Each structure stands twice: as C-alpha cells, then as structure tokens.
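All remarks here apply to the structure that follows.
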Amino acid sequence: MTVSTRPVPHLEGAEHRWMTVRGARLHLAEFGTGEPVLLLHGFPQHWYAWRRLVPLLAADHRLICVDLRGFGWSEQTPRGYDTESLTADVLALLDTLGLDRVTLVTHNWAAGVGFRLGRQAPARIRAFLALNAMNPWTPHRRILPQLWRMWFTAFIEYPVVGRLVLRHWPAFTRHLLRRAVADPAGWQPAELTEFTEATQTSAHAGQALMWQYVLHEIPAGLRGTHRRSRLTVPTLLLGGEHDPVFPPAAPTDTASYADDLTVTTVPGAGHHLHEERPELVAEALRSLLARTT
C-alpha cells in the first residue's frame, strides 16, 4: 500500500534502515553497539517512542527500534496486523538481521507479540521486558470489571469508521496520549504533534490492529489459549500505578504458566513508563539482564 513520506524525527546517533520481510518494508532506527535489544512500540506511537530511553542504554547495547508493519515509516499493507502475523514479522526480521537471540522490550499492544514470541520461539529471546501490558494469565473475573477502561477502542476498531476517526480527528489521539500519563505536562507539544500526525498517516494500521485484536485475541483469551504453552523466557512486566488503560495486574499463579515472570507496579506513573520513568525502565532492563545468560 503506502509508506509515510513525513520527515523522520531526528535523534542523535540514529542509523535508519529499511528491510523487506514477509512482503512489507519495515523501518528500523538503530543505536549503539553491543548486546542486541529489540524495542517494539505500542499504539499510538512509533520508533521515536524510545527517544528518552535510547541515551540511557546505547553506550552498552545495540538498540533496534522497529516500526511495526503499517506504523511510523514501515509500509502499510492491506493485511497482516494480527498478533500471529506481527510475530512472524519480528522473527523474519531477526533472520534478516542475522540475529540468533535478542533481548525484547515492548509497550502496551506490542506485548502480545512479545508474549507470543516468548512461548513460540524462546531460544530467540534472552529476556523480555513488557511495559504497561496485561498479564496474559490474569483471570477473566479480574479482567471483566476493567473493560470500561478500553472505551476508546470503540472509536477505532471498526473498519471504515476507525480509519476516519484516526485520520480526521487528531484531537482524539492527542487526548489518548495526554490522559494516559500521570502528569500530562510531561509531554512536549512537539512530541504530541509528532505522534498525532503519524497516527493520521497510519490510520489503516491503527484500525486494523484493534480489529484483529477483537477477532483473534479476545476469543483466544476466552478459550484459555495462553494456558496451553509455557513461558520459559525470564520476563518482567512493569505497570504504572495510575495506568488508565491496563491497570497493573497482581501476579496470578504464574508458576503454572511461566518459569520466571515478575509483575511490578511503579508508583506515581501512568501508561507510558518509557516516557515517564525512562531511568527506572533502563535500570529494570539492566537488572533483568544481570540475572540471565
């Protein structure tokens, strides 16, 4: 379909590359050298979401910030936005980059890709840090009372309508970004403009991502699909105390589903920990890597 022609934001040390995997041209921004760390943004953002974390980690790590299919400066294709397809994109990208194993960092919706990768291809993931996401083993009785928090998806997920909202109602995206953090003053106006305009450009991908979640992930959760495979990758899930989208879920009986899964709540933070507490996220990643091999 299309690739964004918007100017790519500047971030010191960035090396921008495009690679074609599984029929889509994906954009990557790379920084630093060393142990490879793959960072997958959430909605409604793109690779630039990691700009505050990059300076804290680039001295010791090779950071690979990917624009998922259809977002940022990656190609928007007609299909391929379900979790299974996005996971296949990431595995194909690792093969193209010649990387046998990486550390994985994800934010919100991308955590679904991360948990699937951890179960499907554990040898490829050294450790997994998930930010602001739902513990996939959280019991339904705890999820159902929280569904009201997802009210905004009703404006996005439906075909045609969702694309129109994202493309022609930028105030909606700006509102989502501002309400998601504990302190909206932490956003710079230029940052809100960048992510809002990028979301207008990637309206098809944003709508399709939400719709595929409705079609595939919700039914899979009701069927208990996550419980059929075990997570063996060392994993840390960080949530914000004031996250209005995904409230931090206390650990369930994770020993039944995961070898090493820790869920931690960050006091005073909201839904964008990489924006609000980048130093804490960087330290959490270092600690996670220090106990893995």
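Observations on the structure shown:
- Working from label points 7 Å from Cα in the Cα-to-Cβ sense, the Thr193 to Glu84 distance is 4.3 nm.
- Spherically averaged projected area of the range 1-57 from its Cα convex hull (nm²): 4.9
- Per principal axis, descending, Cα span of the range 82-205 in whole Å: 42, 38, 33
- Considering all C-alpha pairs of the range 34-97, those separated by over 15 Å amount to 55%.
- Evaluated at q = 0.14 Å⁻¹, a Debye calculation over the C-alpha positions of the chain (equal weights, vacuum) places log10 I(q)/I(0) at -1.03.
- With R₀ set to 22 Å, the beta-carbon distance separating Arg6 from His168 gives a calculated FRET efficiency near 0.85.
- Spherically averaged projected area of the range 1-143 from its Cα convex hull (nm²): 8.8
- For the chain, calculated [θ]222 nm from helices alone, where every DSSP H run of n ≥ 4 adds -39500 (n - 2.57): -9500 deg cm²/dmol
- Residues considered: Val105, Val233, Val214. Largest GNM mean-square fluctuation over the chain, using C-alpha springs under 10 Å, is found at Val214.
- Using the Stokes-Einstein relation with a Kirkwood hydrodynamic radius computed over Cα pairs, the translational diffusion coefficient of the range 149-195 at 25 °C and a viscosity of 0.890 mPa s comes to 213 µm²/s.
- Charge dipole (debye, nearest 20) of the chain; +1 at Cβ of Lys and Arg, -1 at Cβ of Asp and Glu: 740
Since every read-out is calculated from the coordinates, none of them should be taken as a lab result. Not measured: the values here are computed from a predicted model. For neighbour counting, all protein chains shown are included, and Cβ atoms are generated from backbone atoms with ideal geometry for every residue, glycine included.
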